[in-house]
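These notes are about the structure you will find just below.
The values are calculated or read from the model by the stated rules, or taken from the named source; none is laboratory data. Only a predicted model underlies this, so the values are computations on that prediction, with no experimental measurement involved. Virtual Cβ from ideal backbone geometry, glycine too; neighbours counted across all protein chains shown. Heavy atoms of the whole protein, side chains included, go into the accessibility calculation; ligands, DNA and RNA do not. Shrake-Rupley method; radii C 1.70, N 1.55, O 1.52, S 1.80 Å.
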Amino acid sequence: MSSKDTKLASMRRAFGEALFALALKNPNLYVVDADLYPSLYLTDFKARFRSRFIQVGVAENNAAAIAAGLSATGKTVFLTSFACFSPAINWATIRQSICYNHHPVKIVGSHAGLMSADLGASHQMLEDVALMRTLPNMEVFAPIDASELKMMLPVIAYSQTPAYLRLVRPDTPLVNSARSFTIGKSRFLKRGDKITVLGYGPILTQLLLPDFDKFSLDIINCSSIKPLDDKTILTSIKKTGRCLVIEDHQQNGGLGEAVAKLILTSGQKCKFIHLGVNNAFGQSAHNYFDLYHHYALSPLAIRESLKKLLSTHAHS
Amino acid sequence: MALFSAPKTHPLHSKARSLRLDILEMINHAGFGHIGSAFSSVDILISLYNSKLFNFKKDRFVLSAGHLCASLYAVLADTGYFDKEELFTFAQFNSRLQGHATIDTPGINYSAGSLGQGLSYSIGLALGDPKHHVVCLSSDGEHNEGQVWEAIMAANKFHLGNLISIVDYNGCQIGGTTQEIMPLDELAGKYLRFGWTVTTVDGHNFYELARVLKKSKDSSIYPACIIVKTVLGKGVSFMENNCQYHDIKKLAPDLFITAKNELQRY
Ligand SMILES: Cc1ncc(C[n+]2csc(CCOP(=O)(O)OP(=O)(O)O)c2C)c(N)n1
């Protein structure tokens, strides 16, 4: 989004390709799917690795516990569906069969957030980060773009904890320039010293508009939502004294709450604005820009928030 | 029973044609929609809403498979719940016609989109208002969900003679046929074993549909299941039984014209 010719790419396609590449190297890698593999670009995976593709149908609870059982036999297991079904429907199964039984199943929830514009509220999952953050040992990741997803996937695949990976539906701007991904480490997208901006997923790329350069933003990509990179975040906030958190998710239970707690606990003083969906369901639209506008997540709302943060004294 | 014969002699046949055209236009205009199941289910809905058997001011219809809402919107517009022009707002910002059915739309009793919950919801309605009927439409793929079977058991326990479960059995899901994704095998036999009365019917034959709806409504002791054998994409040859047409974006202009021509001759 930094210029008109920013390239777009599909995070979901990147997922399908990266998982295929991993499966070529790892004969223990399995997919458990709940009748959505074409949407996660796993058609090639299914064709090539027939015996490692377990189709359980539209049955997300069954899928989660089957994935846990497979994982118990030493397999690397990816559970694939949309976020509004997995982890939404099968949360209690994930809690017990996966987390409580210590199985490092990787739960991939696609089509998260308002970005699934025309599908409407039933599919626009805005509570998944909240649901997954609360589970003991569960790690939570949301790549900013297809490029970061590709770096993330092998790292997540081989970590020994259960993990949730949040993907979105549309093609989104390619902005990642980092060469590697480390769990618990965040990334600067831009350096500045007036306002710390935190977020995850493609919504954060809106902050890269040249328009916002004048605000001197310290933009941090928190793609590792849990564990969170406390140190980098607090160091930035110490410098700026102002913080904007933006997420395509409910404010309740989201990254903003995690950051607010972090700041309060640290004893630092900071002006704070949290942009997210405020206690509402989504709705259909032809494109998600209309929804970002409606739910005050668009560049317009961002500009207002940045101005507001600057208009007050930091550290006061 | 000559399957999928769609006899043109029935008075509702012209509706089956014109509402299919509405659905095609509406989905193509939105560049979004589950067209395959809209075409498989539309004749069921036409039968329901044009029959004198039910009074949907008191009896309740529950669409459990919220994704096939395009056919319900077309039928509700045709029945007078809202203007036909409104169909062209489907899945647009600020529209009452959301991408998946919602309770805020006139004529719709249940917000859906996540499969597997509508039959349970219907049981709640049937228990709470035993004097009226509840008709629930679900899809075959939806029966992959465990909750559907919990509901099928519960309906029997509560002797819900006022509950009718209609299953759009088009044999397709997202990633392939129902047989490939999760075989349902003899679905009729399963409902039967769970204590329901069951009838299987050709879902594109209005004479048959009317007869079976009447019979199911008359079943006052047992919950009634109607397995409706349908064709995904019925009416457009390149969509018929082609699971790729589960949902579409905008059709290529030549495909749109072919589809429209075929439907005009339906
Ligand atoms: C709980 C849940 N899981 C997954 C989906 C995604 N989904 C939408 S339609 C569909 C196919 C299910 O088969 P069926 O309803 O029989 O398809 P159709 O009749 O439209 O061909 C799936 C998996 C969903 N809507 N709800």
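General remarks:
- Gyration tensor verdict on region A:51-108 (Cα atoms; rounded if a/c is under 1.5, prolate if a/b is larger than b/c, oblate otherwise): oblate
- Axis angle, to the nearest 10 degrees, between helix B:253-264 and the longest C-alpha principal axis of chain B: 60 degrees.
- Expected-Rg normalisation [2.2 N^0.38 Å, Cα atoms] applied to region A:132-182: 1.19
- The C-alpha atoms of chain B define a longest principal axis, and helix B:69-79 lies at about 90 degrees to it.
- Prolate/oblate/rounded call for region B:195-266, Cα gyration tensor, a/c under 1.5 rounded: prolate
- Gained length - residue B:96 relative to residue B:159, 0.36 nm times residue gap less alpha-carbon distance: 19.1 nm
- Compared with the dominant Cα axis of chain B, that is its longest principal axis, helix B:13-30 is turned about 70°.
- Between A:209, A:228, A:244, the GNM of chain A built on Cα springs shorter than 10 angstrom shows A:209 fluctuating the most.
- Given in Å, the Rg to one decimal and the Dmax to the nearest whole number for the Cα atoms of region A:187-310 are 13.7, 44.
- Shown for chain B: cysteine residues without a partner Cβ closer than 4.7 Å, namely B:69, B:136, B:225.
- Chain A: proportion of alpha-carbon pairs further apart than 30 angstrom, %: 30
- Stokes-Einstein D (µm²/s) once Rh is taken as the Kirkwood radius of region A:8-173 over alpha-carbon pairs, at 25 °C in 0.890 mPa s: 160
- Computed from the Kirkwood radius of its Cα pairs, the Stokes-Einstein diffusion coefficient for region B:128-266 at 4 °C and 1.567 mPa s stands at 79 µm²/s.
- Residue B:72 contributes about 0 Å² of solvent-accessible surface, heavy atoms of the protein only, 1.4 Å probe.
- Modelled spin labels at residue A:155 and residue A:101, positioned 7 Å past Cα toward Cβ, are 2.9 nm from each other.
- Computing FRET efficiency as 1/(1 + (r/R0)^6) for residue B:242 and residue B:127, where r is the C-beta to C-beta distance and R0 is 60 Å, gives about 0.90.
- On the beta carbon distance between residue B:180 and residue A:238, with R0 = 41 Å, the FRET formula returns roughly 0.10.
- Chain A, accessible area per residue, ligands and nucleic acids excluded (1.4 Å, Å²): 39
- Antiparallel %, DSSP beta bridges [both residues in region A:187-310], to 5: 15
- Per-residue mean of foreign Cβ neighbours for A:112-123 is 5 (Cβ atoms of other chains, 10 Å radius).
- To put it simply, the accessible area of chain A at a 1.4 Å probe is 53 percent carbon and sulfur.
- Taking every residue in B:174-181 and counting other chain Cβ atoms within 10 Å of its Cβ, the average works out to 5.
- DSSP beta bridge pairing in region B:73-232, given as percent antiparallel to the nearest 5: 5
- Computed over chain A with a Gaussian network model linking Cα atoms closer than 10 Å, the most mobile of A:35, A:248, A:211 is A:211.
- Per residue of peptide A:56-68, the mean number of Cβ atoms on other chains within 10 Å of the residue Cβ is 4.
- Rg and Dmax of region B:1-124, both derived from C-alpha coordinates alone, stand at 14.2, 45 Å.
- Label point distance in nm, residue A:216-residue A:262, each placed 7 Å from Cα along Cα→Cβ: 2.3
- Region B:1-63: C-alpha gyration tensor shape, a/c 1.5 cut-off, then a/b vs b/c: oblate
- Average projected area [Cα convex hull, region B:13-264], square nanometres: 12.0
- Solvent-accessible ranking of A:292, B:81, largest area first, probe 1.4 Å: B:81, A:292
- Alpha-carbon gyration tensor eigenvalues x 5, square-rooted, for region B:155-231, Å: 23, 17, 8
- With DNA, RNA and ligands ignored, accessible area of residue A:257 (1.4 Å probe; Å², nearest 10): 90
- Interface between chains A and B: roughly 1900 Å² of accessible area buried, both sides summed (probe 1.4 Å, protein heavy atoms only).
- Of all DSSP beta bridges confined to the protein assembly as shown, the antiparallel ones make up roughly 15%.
- Mean-square fluctuations from a GNM of chain B, with a 10 angstrom spring cutoff on Cα atoms, peak among B:80, B:36, B:99 at B:80.
- Each label was represented as a point 7 Å from its Cα along the Cα-to-Cβ direction; for residue B:55 and residue A:25 these points are 6.9 nm apart.
- Across region A:1-102, Cα-Cα pairs more than 18 Å apart make up 49 percent of the total.
- Rg [Å, one decimal], Dmax [Å, integer] - region B:109-176, C-alpha atoms: 12.2, 41
- With all pairs of different C-alpha atoms in the average, the Kirkwood value for the hydrodynamic radius of the protein assembly as shown is 25.1 Å.
- If R0 equals 30 Å, the separation of the Cβ atoms of residue A:280 and residue B:88 corresponds to a calculated FRET efficiency of about 0.70.
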